[in-house]
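Down below is the structure, laid out as structure tokens.
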């Protein structure tokens, strides 16, 4: 039996031991995707990492003696065989990078998932994909544009990848299906959960009609907790040739996805302009003003920038919004609440009594949240990478990455290189 003929939940015999070893490593406290990938690269295979002594592991960059001892102790305790059997019974496939079905572009990133849990199928054609992201609390305009772009991209033969959240994500998945195309959902929770609940019918359509897949790097029983969502953004960015941002405010997780795509993974980033006075598009406009994204008006712009040739009929690109389709459910998308007429400027505003020149970086720190102040305080000691910031603040990496995006936008922090950051001198 070939790798591509493996049944759901049952890796082919030569992959079973690899998957078991990766599940062992994944369950080890303090052993995240970056360090696991580094250890596998250093020792040659997941099985060799699993069999390594504390002395061997301690020689790997970033581990050290204490963490190596923790890994060796933890390896004896978790039993992934039970998880493998449970996934087989519930129709969940467990993919590893050694599997031919593993998304091709995830092989090029430094922090790939240790494994992926999958319902549905990923095909070779899904390697030609565009990630579509944006606000959960999108406006009608944002929802219309998400459906329009996704529909036309799918008609052009591109798979649409998104996170399944309310708003732009859901509209993008629906748009791809309406065009008869393929779409992939990357969940921020385990596959035994559906988040949001109202998308259950949408996900079953994707799977039942063989139009894509629902993926997660999280164990099937893991709930949709807030800290679980930022890490999944890197999977959307990593699987895609480019990321299209449709309506995002200045604190949107979509900006994290865009930053990862451009700075860490070398992907294209596109942005759809919105109303100039709409807070819902403030983050999108920030990407355009800073040159971090290419302005696109239709799916053909995206296809041309990616270097392909459009196969979409001109009348499809001329459409201003997706038409309702009786074949698709309404999905219970709640109406978008009214957004405030304006949002407060980050930091202190300049006034006659307080000119802009008087607003110093230190005074602006007082306007930050407690978590943001922790990060800024840690960076007072000099340049730090993300792992060092996590150690200094006792914050999770997902929280640090999310807040760093906001702190860069507000001018408090600047990215030096790679995952290294420093305080900004900008006032």
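With each label point set 7 Å from Cα along the Cα-Cβ vector, what nm distance links residue 82 and residue 17?
About 2.4 nm separates the two model spin labels.
Pull up the DSSP beta bridges for region 119-318 and report the antiparallel fraction as a percent, rounded to 5.
10 percent
Could I have the simple spin-label model distance between residue 110 and residue 54, label points 7 Å from Cα toward Cβ, reported in nm to one decimal?
Those two pseudo-labels are separated by 2.9 nm.
Pull out the extension gain between residue 277 and residue 209, defined as 0.36 nm times the separation in residues minus the alpha carbon to alpha carbon distance; nm, one decimal.
20.4 nm
Taking a cut-off of 24 Å, what percent of all Cα-Cα pairs in region 61-175 are separated by more than that?
So the portion of pairs separated by more than 24 Å is 49 percent.
Cα centroids of region 202-229 and region 47-118: how far apart, whole angstrom?
Centre-to-centre distance over Cα atoms comes out at 20 Å.
From Cα pairs below 8 angstrom and at least 6 apart in sequence, can you work out the relative contact order of region 14-158, rounded to a whole percent?
Once divided by the residue count of region 14-158, the mean separation gives 24 percent.
When only C-alpha pairs under 8 Å and at least 6 residues apart count, what is the relative contact order of region 121-272, in percent?
The normalised contact order for region 121-272 reaches 26 percent.
Hey, can you rank 251-257, 298-304 by average C-beta count inside 10 Å, highest first?
Top of the packing list down: 251-257, 298-304.
Packing-wise, with mean Cβ within 10 Å as the measure, how do 385-396, 16-27 rank, highest first?
Ranking, from highest mean packing down: 16-27, 385-396.
Please give the length that would be gained between residue 264 and residue 295 if that part of the chain were fully extended, namely 0.36 nm times their separation in residues minus their C-alpha to C-alpha distance (nm, one decimal).
Values: separation 31, 0.36 × 31 = 11.16 nm, distance 2.06 nm.
Stretched out fully, the residue 264 to residue 295 stretch lengthens by 9.1 nm.
Order these peptides, 51-62, 368-379, by their mean beta-carbon neighbour count within 10 angstrom, highest first.
In decreasing order of mean packing, 51-62, 368-379 become 368-379, 51-62.
Over region 153-233, what is the mean sequence separation of C-alpha contacts under 8 Å (at least six apart), divided by residue count, expressed as relative contact order in percent?
About 30 percent, as a whole number.
Label 7 Å along Cα→Cβ of residue 125; region 144-184 residues with amide nitrogen under 16 Å?
Output list for this probe position: 151-161, 176-184.
Quickly work out the residue 420-to-residue 305 label distance, labels modelled 7 Å from Cα along the C-beta direction, and quote it in nm with one decimal.
My value for the distance between the label points is 2.9 nm.
Bear in mind these aren't lab numbers, they're just calculated from the coordinates by the rules spelled out. Predicted model only: the values in this text are computed from it and were never measured. All Cβ positions, glycine included, derive from the backbone under ideal geometry; neighbour counts span all protein chains shown.
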